[in-house]
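**Student:** What follows is a single structure, and I will ask about it in a moment.
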Amino acid sequence: MNEEWTAQQMDCEPPIATPPTRNCVVGRIACGDTVEGNTSAGKQRYNDRFFVGAKCTPMRMDYELASEINYRLRLPANTEATVKLISDCGDLDLYAFRWEDKSSCPSNLHYDRILECEMDTSPRGGEIKLSSVGKDGNYLVGVDGKKGATGNYRISVQCRTYR
């Protein structure tokens, strides 16, 4: 990803049109993709107990007050992905967790089934690294707001093969 893109601020108005959430996701993303949207189009699915219990973050930030947006990411075997978030319009956080069950989505009751989770709680964006070794990995990549925050966001996925 070029540095010019990461320095680019987002317009906060109007809200970016975002597809409706179906089965907890708004769509799929892949290596090389960039997507934009607005978290107000999401669902309130995850709370502090989920993110702390899944070991995404030790902080409680009232995530249950905000809607989150999820995308499915299938990471090819032996690939490292850098997922970046720009969120100039609200205090939004980036997360990703491995979720192999394509027929369901985790709920607040499933946090103990999350074996791998990454989260960046930096203001105005952040980045996380994901990797798959030996076989493809399925992730839910999402954006959630602290203390009920919503807003426009941009997510990019850049990958490299390491074997």
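**Student:** Output the residue which, of all residues in the range 123-139 that are farther than 14 Å from Asp93 by Cα and of a type in the set (A, V, I, L, M, F, W, C), is least open to solvent (accessible area, probe 1.4 Å).
**Tutor:** Leu130
**Student:** Given the conditions (1) in contact (Cβ under 8 Å) with a residue 40 or more places away in the chain; (2) open to solvent by less than 40 Å² (accessible area, probe 1.4 Å), which single one is not true for Lys55?
**Tutor:** Checking Lys55 against (1) in contact (Cβ under 8 Å) with a residue 40 or more places away in the chain; (2) open to solvent by less than 40 Å² (accessible area, probe 1.4 Å), the one that fails is (2).
**Student:** Looking at the range 32-46, which of the residues that are modelled with pLDDT of 95 or more and surrounded by fewer than 18 Cβ atoms within 10 Å (Cβ to Cβ) is farthest from the chain's Cα centre (by Cα)?
**Tutor:** Checked the range 32-46; the qualifying residue farthest from the chain's Cα centre (by Cα) is Gly32.
**Student:** So which residues in the range 151-162 are in a loop (DSSP other than H, G, I, E, B) and open to solvent by 60 Å² or more (accessible area, probe 1.4 Å)?
**Tutor:** Tyr162
**Student:** Only one residue in Asp120, Asp144 is modelled with pLDDT of 95 or more, crowded, with 16+ Cβ neighbours inside 10 Å and touching a Gly at 6+ places or on another chain (Cβ under 7 Å), so which one is that? Explain how you work it out, then say what you get.
**Tutor:** Details: Asp144 fails: touching a Gly at 6+ places or on another chain (Cβ under 7 Å).
Answer to the check: Asp120.
**Student:** Name the residue that is most open to solvent (accessible area, probe 1.4 Å), counting only residues in the range 58-90 that are closer than 22 Å to Gly42 by Cα and free of Cβ contacts under 8 Å to residues at least 24 places away in the same chain.
**Tutor:** It comes out as Arg60.
The values are calculated or read from the model by the stated rules, or taken from the named source; none is laboratory data. It should be emphasised that the depicted structure is a prediction, and the values quoted were computed from it without experimental measurement. Because the Cβ atoms are built from the backbone with ideal geometry, glycine has one as well, and the counts that use them run over all protein chains shown. Ligands, DNA and RNA are stripped out before the accessible areas are found, and what is left, the full protein with its side chains, is counted by its heavy atoms. Shrake-Rupley method; radii C 1.70, N 1.55, O 1.52, S 1.80 Å.
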